[in-house]
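*Asks:* Provided herewith is a single structure, encoded as structure tokens, for subsequent inquiry.
Rule-based calculations on the coordinates, nothing more; no lab input. Model, not experiment: these values are computed from the prediction. Positions of Cβ are backbone-derived with ideal geometry, glycine not excepted, and every protein chain shown enters the neighbour counts.
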Amino acid sequence: MRVLGVKRGINTWLKKIDNDSVLCYHLIMNNKHRKTMQYEGYAARIEYSDEDKCFVGHIAGIRDIIGFHGDSVDTLFAAFKEAVDDYLETCKHEDISPQRPFSGKVMFRFSPELHAEIAMKAEAQGKSLNQWAAEALSFAV
């Protein structure tokens, strides 16, 4: 029996390959080593289709809908790479800019009290609000 794993955020799907093709779902909390499937700056959102008996993925973080699938981690990753490459090639051929998942700019809405408290902590540590927030968020993930 082989065990294959595909990670998505804090969730890991484990697929036991045996005569019954049993799907086990395992949730990992507080795992500092979790990874997402990534290629060329794009990340994959992975799910398991019980109906199709395969993993189904979509490129995460963009409005364009780009899907792929595979029945093992290796075939899924190969399909992911092919989907990203095809997307980039199509954008180039159509003379349009491919969407990028994240710009690095994030806007938050806080209460004025929380905003003031965060700004004071950042200033007390000799950091900009952006530096302080980036450190706090990095620590949280």
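*Asks:* When only DSSP loop residues count, what trypsin sites (Lys or Arg not before Pro) in region 87-131 have their Cβ near at most 14 other Cβ atoms within 10 Å? Could the numbers behind the result be given before it?
*Replies:* On the way: sites: Lys92, Lys105, Arg109, Lys121, Lys127; in loops: Lys105, Arg109, Lys127.
Those that pass, being in a loop and sparsely packed, are Lys105, Arg109, Lys127.
*Asks:* Among the aspartates and glutamates, which fall within straight-line cross-link reach of Lys127, defined as a Cα-Cα distance under 13 Å, with same-chain neighbours fewer than 8 residues apart omitted?
*Replies:* Partners found: Glu135.
*Asks:* Let me ask you something else. For Phe102 and Ile118 in the same chain, what is the full-extension length gain: residue separation times 0.36 nm, less their Cα-Cα distance, in nm?
*Replies:* 3.4 nm
*Asks:* OK, next. With r as the distance between the Cβ atoms of His93 and Glu47 and R0 = 30 Å, compute the FRET efficiency 1/(1 + (r/R0)^6) and round to 0.05.
*Replies:* 0.55
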